[in-house]
Every structure is written in C-alpha cells, then in structure tokens.
Amino acid sequence: MSSILSSILPAPEDPVLSLIFGFRDDPSPVKLNLGAGAYRTEEGKPLVLDVVRRAEQHLANDLSKNKEYPPFSGLPDFNILSAKLILGDDSLALKEKRVVTVQCLSGTGSLRVGAEFLAKHNQQLTVFLPIPTWENHLSIFTMAGLSVNHFRYYDPKSRGLDFKGLLEDLGSAPSGAIVVLQACGHNPTGVDPTLEQWEHIRQIVRSKGLLPFFDSAYQGFASGSLDLDAQAVRMFVADGGECLIAQSYSKNLGLYGERIGALNIVCESENVARIVESQVILVVRPMYLCPPIHGASIVTTILKDSDMYKDWTIELKGMADRIISMRQQLYEAIKARGTPGDWSHIVKHIGMFTFTGLNEEQVRFIAKEYHIYMTYDGRISMASLSSNTVPQLADAIHAAVTRISY
Ligand code: KET
C-alpha cells in the first residue's frame, strides 16, 4: 500500500523551537530562559493572578452557569466589556454602535480572523508589517492569503524608532493597504512611538487611505495603566475612521493558556457594522464554530465587578513595575561592570521585551557559556528576569561583548 504521509517533508527548522530545545536539554542548574514572552515572578515561577483565582471560584460556585454553546461571535457581555476596555467607557464609536466585537482565540486568533475577513473583503490585498515584528505576523497574514510588505520601524544604530523611514514607507504604501501597528510594548524591540509621533502616523495613515490593524497584546503591561496603553488606538478611533484591533488577555491577565481575546472592527456606521458582523461570523463558523467559554467567563467576571477590576489593575501595575525595575537593575549591573557601549536603551525600552543589540554569535556564546537562552535576534524577555538572575545576565553580556566583536 503506498503511503501518503511518509512522503511529507519536515517543516523548516524553527529558530524559536531550537531555542526551546536547547534550554530543555541543558542540564545546568542555573539555566535561564529569556526567550519566551511569559511573565515570571521574582522566584522564576508562572503567575496566576489572585483576581483570576477568585473569578474562577466564583464561577465554580455559580450553579446557574452551564456549558452550552455560546453564540458564534462569543459571549455578548464579554464582547461589550472588552470593547470598552480598549476603546474607553465614553467611546463615541461604541455609543454609535459602530463597533463589531467578536470573541476570538486570544491575540493570534483575533489577528487570524481579522486577516481572513480582510482577505475576503478588502479591495487591496497588501498588508504592511513593521521591520522587525512578532514573527508570527508574517505567517498569519500570508496564510490568510494577503501579500506581505514591510515598513521601516526600528533603527539598530539608535536602538530607537526609525521615524523618518516609517513615515516614508507608509507614505508610499498603496491606498487601501492594511498596516499592522502594535498598540504598545512593541515586540520584539520594546520601542514605541511617542504620542506626538503616533499623531503623525495617524495623519499619514488617514491621508493615504490606509487601513490600520492594531495588535494590542500588551494593554496595561507596558506602562502599568490600561488607559495609557490604549492611547494610540483611541487616537485613531476618535478621528471617526475605520480600524481593526486584535486584543489579547494572555499577558495582562496571565491567561496565556485560556486563549482569550477579541477582534474589534470599527466601522463608519451601525448599518455597516451589522453587515460586517454577519461576514465575520462566516469566517469563524467553518473554522471552529464558536469560541470556548471559560476564559471569556473569567474576563467577564472581573470586568463586571468593580472590586475585582480594581484588584486586577493593582496586580497588573505590580507586574509592569517589576519589569520596569528589572530594566533599571540590569542597566545598572551592566554599567557597574564597565561593559563597553551605551546600554541606556534597556531603560528606554518599554513592555515585556528588550532588543539587547547582541548579535547571533554573542547569543550562542551566552547560551553555551552562561546557560542563558534568548532569541537569536538578541531579544530578551524582561519579565523572565529577577533580582537573583540579573547579575548572571550582566556577567554574560559583559563577557560576550568584550570577547566577541560587537
Ligand atoms: N501579538 C504580539 C505582538 C505578540 O507578541 C504575541 C505573543 C501575540 C500577539 C499573541 O499572543 P496570544 O497569546 O495569542 O494572545 N507573543 C509571545 C508568544 C509567542 O510567540 O510564543 C512571544 O513573542 O513570545
């Protein structure tokens, strides 16, 4: 009998997986994984937020809850509360019922549903991604059938924003093209535009008739404030134009494995929104019928209850502040070692990640000699560091920079 499956070629080696395997197979007791974008406590452990535990207990005790299918677009209360969280309680677009919100499988699922919807309905099938960006963006938009183009974002020299390059590239994008913008805490660089720069970006996006698609994976995780981290999105929504927003609760509520998020599509009128919603459901239904309810029930319980909501904002600020303090500690530890180069970008960057500026050879050296693992582009997750591990990383960076050309 001929085999169909045995002739399949293996997938190309994934750099992230080889990093994970390298870490897994390293027998060193001091090994440290800074590659994964997941929050860790000072003790290096995953964190389940207290408020999440309370919400789960509340749900377990509520015997009126059942396990019926939700609507294709997810739990209605979850959708309304999520839209308010990103757009603000007093959002005019929400009052005018111009926003379609669909509960999706976290940020990734929201991006994918949005990309599939656009591939079917947008006239212009080109999407512009920042250089660099979260590597999964490329696969998500390509697999949905859109053709991917890029715009300049990060300047390796200044380790900051290539603002001029960004404006030039968006300025020459074809009208109707989709532009992916990370709402805050840019992954992998840690570099966000200032509010003033966002305003320029907004003007160019609107004057060229581009369609902004925000990826909001880190709301509250960057500055510690849910409202401050939503400012860029709200600026675009306030001008009355169209946009898409993919929301994730993986990081800000630590619900990584619950796969809970939402896609918001801001339309020009209530009528258009109704039609858009009917079409988004046609994307969702043949893919997974409807989303799972547990994660959405946790989020809804917290967003509905003012005490729980308040407690969440305190825990969230605690996580963001710990990350910010890791930045300061790492910067000072590197400075104390007299490591060559300017390392101030570590404290200037924001959010979960920092682009250290280390090259691939240095990253491999650090893994081999210091048992610290990061992605080959030199990205480290600040959220996986602790006061105990900062000296180990500072030693490793110092050795890599002084021994291998920088
Ligand atoms: N957008 C960005 C920018 C992002 O960094 C992630 C995850 C996501 C969306 C999707 O997350 P979700 O859990 O689907 O809501 N980033 C981390 C996860 C990963 O790639 O493994 C990371 O970069 O490490």
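The values are calculated or read from the model by the stated rules, or taken from the named source; none is laboratory data. Values in this document were obtained by computation on a predicted structure and should not be read as measured data. Glycine gets a Cβ as well: all are built from the backbone with ideal geometry, and neighbour counts include every protein chain shown. The protein model used for the area step is the full one, side chains on, heavy atoms only, and it has no ligands, DNA or RNA in it. Shrake-Rupley method; radii C 1.70, N 1.55, O 1.52, S 1.80 Å.
Residue check: is residue 268 more than 16 Å from the ligand (Cβ to nearest atom), part of a loop (DSSP other than H, G, I, E, B), touching a residue at least 40 places away in the same chain (Cβ under 8 Å) and farther than 14 Å from residue 109 by Cα?
Numbers: more than 16 Å from the ligand (Cβ to nearest atom): yes; part of a loop (DSSP other than H, G, I, E, B): yes; touching a residue at least 40 places away in the same chain (Cβ under 8 Å): yes; farther than 14 Å from residue 109 by Cα: yes.
Yes.
At least 1 residues that are within 16 Å of the ligand (Cβ to nearest atom) and not assigned by TED's automatic domain parsing to the domain that holds residue 347 in each: list the helices (runs of 4 or more DSSP H) lying fully within region 88-188 that qualify. Give the steps one after another, and end with the answer.
On the way: elements: 92-95, 106-121, 136-143, 163-171.
Fully inside region 88-188 and qualifying: 106-121, 136-143.
Of all residues in region 123-149, count the ones that are touching a Ser or Thr at 6+ places or on another chain (Cβ under 9 Å), under 21 Å from residue 175 (Cβ atoms) and modelled with pLDDT of 95 or more.
Total meeting the criteria: 8.
What residue, among those in region 38-50 that are more than 16 Å from the ligand (Cβ to nearest atom) and assigned to a loop (DSSP other than H, G, I, E, B), is least open to solvent (accessible area, probe 1.4 Å)?
The first filter runs over region 38-50 and keeps only residues more than 16 Å from the ligand (Cβ to nearest atom), leaving 41-45, 50.
With the extra rule that they be assigned to a loop (DSSP other than H, G, I, E, B), the set shrinks to 41-45.
On the way: 41: 24, 42: 58, 43: 137, 44: 43, 45: 121 Å².
The extreme case among them is 41.
Is there a residue in region 212-221 that is part of a helix (DSSP H, G or I), open to solvent by 10 Å² or more (accessible area, probe 1.4 Å) and at pLDDT 95 or above?
Narrowing region 212-221 to residues part of a helix (DSSP H, G or I): none.
The answer is no; no qualifying residue exists.
Just a yes or no: is a residue in region 101-122 open to solvent by less than 70 Å² (accessible area, probe 1.4 Å), out of contact with any Phe, Trp or Tyr (no Cβ under 6 Å at 6 or more places or on another chain) and at pLDDT below 95?
yes
Hey, among 35, 22, which residue is part of a loop (DSSP other than H, G, I, E, B), closer than 27 Å to residue 187 by Cβ and either of a type outside the set (A, V, I, L, M) or open to solvent by less than 20 Å² (accessible area, probe 1.4 Å) (or both)?
Working: 22 fails: part of a loop (DSSP other than H, G, I, E, B).
Every option except 35 fails the conditions.
Which residues, counting only those in region 260-292, are over 18 Å from residue 212 (Cβ atoms) and of a type in the set (A, V, I, L, M)?
Answer for region 260-292, where residues must be over 18 Å from residue 212 (Cβ atoms) and of a type in the set (A, V, I, L, M): 260, 275, 281, 282, 283, 284, 287, 289.
So, of the residues in region 270-296 that are crowded, with 22+ Cβ neighbours inside 10 Å and in contact with a Leu (Cβ under 9 Å, 6 or more places away or on another chain), which turns out to be farthest from residue 248 (Cα to Cα)? Quick ask: steps written out before the conclusion?
As a first pass, look at region 270-296 and keep what is crowded, with 22+ Cβ neighbours inside 10 Å: 280, 283-284, 291, 295-296.
Then drop every residue that is not in contact with a Leu (Cβ under 9 Å, 6 or more places away or on another chain), which leaves 280, 291, 295-296.
Values: 280: 18, 291: 14, 295: 11, 296: 11 Å.
Out of the qualifying residues, it is 280.
When residues of region 222-249 are filtered for being part of a helix (DSSP H, G or I) and more than 20 Å from residue 151 (Cβ to Cβ), how many remain? Please lay out each step first, then the result.
Let us first name the residues in region 222-249 that are part of a helix (DSSP H, G or I), namely 228-238.
Now restrict to residues that are more than 20 Å from residue 151 (Cβ to Cβ): 228-231, 234, 237-238.
Final tally of qualifying residues: 7.
Would you confirm whether or not region 69-76 contains a residue that is within 20 Å of the chain's Cα centre (by Cα), surrounded by 11 or more Cβ atoms within 10 Å (Cβ to Cβ) and either assigned by TED's automatic domain parsing to the domain that holds residue 221 or part of a strand (DSSP E or B) (or both)?
So in region 69-76, the residues within 20 Å of the chain's Cα centre (by Cα) come out as none.
Looking for residues that are within 20 Å of the chain's Cα centre (by Cα), surrounded by 11 or more Cβ atoms within 10 Å (Cβ to Cβ) and either assigned by TED's automatic domain parsing to the domain that holds residue 221 or part of a strand (DSSP E or B) (or both), one finds none in region 69-76, hence no.
Can you name the residue in region 199-221 that is in contact with a Leu (Cβ under 9 Å, 6 or more places away or on another chain) and away from the ligand (no atom under 16 Å from the Cβ) and is also nearest to residue 184 (Cα to Cα) among such residues?
201
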